[in-house]
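Reading through the structure tokens given below for one structure.
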Amino acid sequence: MKHRLLTLPLALLLACSAERPVTSTSRAFEGSLASPLPQAAAPRLARYAMVVSAHPEASRIGTQILQRGGNAYDAAVAMQFALAVALPAAGNIGGGGFLLYRDRNGSAGALDFRETAPAGASRDMYLDKQGNLIDNLSTAGPLAVGTPGTVAGMATLHKQLGKLSWATLVQPAVTLATRGVALTAKEAAGLNRTRADFQKYNPGSPPAYLRPGGGEWQPGDTLHLPELARTLARIRDQGRAGFYQGETARLLLAAMKAGGGLVAQKDLDGYQAKWREPLRGRYRDYDVITMPPPSAGGVALLQMLQMLEPVDLAQAGYHTPLAVHYIAEAERRAYADRASYLGDPDFGTVPVQKLLDTDYNRQRAASFRSRGRATASSAVAAGAGLPGYESSETTHYSIIDAFGNAVSCTTTLNGGYGSKVVVPGAGFLLNNEMDDFSAKAGAPNAYGLTGGKANAIAPGKRMLSSMTPTILTHNGKVALVTGTPGGSTIITSVLQSILGVVDYGLNAQQVVTAPRLHHQWLPDQLDVEAGALLPAAQDTLRAHGYPINPRLPWGRLDIIHVRPDGVLEAGADPRGDDTALGY
Ligand code: DON
């Protein structure tokens, strides 16, 4: 198949072209109505190495580690801890995440440091006697907290792949927390929005995230985090034990006890980060490496790519009603499967192979390729005949080092500032990841996602995720490192980043800046960011059965595209404080 990286003028030409293959489907969506290609700042370019993250301090620290001879895995460890200081909404040591790598020799691995349900958790723990969900119980406060995985994940990564000493990688975060971080306007606003919750969920001890002396944080104020600095120093000196044992564990367990949370010492002792085999697929001329369960992200992404492969998106045009029809229908079907089949593979059989079977996905795609309008979500159940399952804040960073190793990592507390519980004396925020389980079969979680048995709560089980760290290679070389936060929208944003590069020939900054679209089966609506579709295109889509839901911007895509000439081209999402740095 010919190389699909289009030059920009060619992509423009195609986007505006009226010459599309005429099928009943394309006839139904007649008229060009392509959105203009996204206007964006010039992407950052680098020759040897690049990092992109959600905070300038984390990107600065990551680049310094690379310049000191560290590899991409070293930079990931340093950036993870730096984000725990500089980006309290999502960077974390009290949460978890997924890291995907592809090394210079072509081998790849997926590190799962997802939180687990504490041993004391049970299927119906968030339901009242009538079987109804109790408001906020799974989303805030101590009972929402899963056993954190981040420090175990970083220790595991460093042990296997790191080059510089552990202390060298953790120290920059200790320094940052000790000196304090200058608040950006966005972080100040986030902390101010959360003030009442910080007060509510930390009754005994006002956390450092409340402005000393009261009042609102201003951009440029310094956030001092001395307790967090001491916790990070223990992690620097003792590694994993500096978090899961000793003083930090004691303080964490005291917070659990005081607030009725479930995480116990045996959960901390038993927590294991796990290496998993990445999922692999192919899209046009690219090999796709992505995250396996317990994330739903990789499976759904590869399903959507398989459904879209036979469609000529470039020819359908950029964000035309026809292209949107194809993309939204693929999304609808993948999310329907997610709800039924996906969960923690250590607790039941997840039919990954079946879901990634080309014939299965092509068959599913046939039902929209020949159809000139939306399929109602009520008419799209999970695909038949598969074996059943028995048994907004997150952050992403992308790294390529000068040795040719690539890292894509998405890490989270789940909601902004997680459970809002800050461990007294230890200064870090705890996650509210328990809400990613299906607390009640069929009832939507904070992201509107539904599920059932496959994602029911059980002690020690990992809650299903949408996080989709992904790496594409082309002719055996890394071509794209991509990922984003955004809850249920993560998978469709990662999809759009791939389509932007592969089908539409956008540069990395255009890809991340481009206004986005999202469909997740339920609710049956097309989410549209301002500027994503021409008004006339929206009218056409509405007329063909797509309820349009205008939505505030979402996601923070941070990507690195390796251009055919070898230059590293980064896109840092302008929706946040995201920053690309390289050399
Ligand atoms: O693992 C997941 O899918 C969610 N906990 C991610 C949450 C998220 O991305 C929030 N960000 N805006």
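We did not get these values from a lab; they are worked out from the coordinates using the rules stated. Predicted model, so just to flag it, every value in this text is computed and none were measured. Note that each Cβ is placed from the backbone with ideal geometry, even for glycine, and that neighbours are counted across all protein chains shown.
Report, in whole Å, the centroid distance computed from the Cα atoms of region 30-89 and region 354-384. Value for the Cα centre distance between the two parts: 36 Å. The HN-Hα couplings worked out from phi for region 523-535 by the Karplus form 6.51 cos²θ - 1.76 cosθ + 1.60 (θ = phi - 60°) are x, 7, 7, 9, 7, 10, 7, 3, x, 6, 10, 4, x Hz, whole numbers, x standing for Gly and Pro. Phi angles of region 484-497 translate, via the Karplus equation with coefficients 6.51, -1.76, 1.60 and θ = phi - 60°, into HN-Hα couplings of 6, x, x, x, 5, 7, 4, 5, 6, 5, 5, 4, 5, 5 Hz per residue; Gly and Pro are given as x. Remark: region 167-178, residue by residue, has Karplus-estimated 3J(HN,Hα) of 4, 4, 7, 8, 4, x, 6, 4, 4, 4, 5, 6 Hz, where x stands for each Gly or Pro and the curve is 6.51 cos²θ - 1.76 cosθ + 1.60 at θ = phi - 60°.
Label the chain by shape, choosing from rounded, prolate and oblate, from the square roots a ≥ b ≥ c of the eigenvalues of the Cα gyration tensor; if a/c is under 1.5 it is rounded, and otherwise prolate applies when a/b is larger than b/c, oblate when it is not.
Judged from the Cα gyration tensor, the chain comes out prolate (a/c at least 1.5, a/b above b/c).
The ranking of PHE368, PHE81 from fewest to most other beta carbons within 10 Å of each one's beta carbon is PHE368, PHE81.
Residue exposure proxy: VAL52, VAL380, ordered by other Cβ atoms within 10 angstrom of their Cβ from fewest to most, comes out as VAL380, VAL52. What the Cβ-Cβ distance of GLN265 and ARG362 gives, at R0 = 45 Å and to the nearest 0.05, is a FRET efficiency of 0.35.
Sorted ascending by nearby beta carbons within 10 Å, beginning with the fewest, ASP74, ASP573, ASP287, ASP539 become ASP539, ASP287, ASP573, ASP74. Pick out, in residue order, every one of the trypsin sites (Lys or Arg not before Pro) in region 123-210 that is DSSP loop and has at most 11 other C-beta atoms within 10 Å; say none if there are none. Loop-located and lightly packed - LYS129.
Could you give the length gained by full extension between GLN272 and GLU216, i.e. 0.36 nm per residue of separation minus their alpha carbon distance, to one decimal place?
That works out to 16.2 nm of additional length.
Only lysines eight or more places from LYS163 in sequence, or on another chain, were considered; those with a Cα closer than 28 Å are LYS274, LYS477.
Going down the table (LYS257/LYS461; LYS354/LYS461; LYS354/LYS440; LYS200/LYS420), which pairs top 18 Å between alpha carbons? Over 18 Å Cα-Cα: LYS257/LYS461; LYS354/LYS461; LYS354/LYS440.
Proximity of backbone amide H atoms, modeled 1.01 Å from N, is registered between ALA49 and TYR583 at under 5 Å, excluding neighbours fewer than 5 places apart on the same chain.
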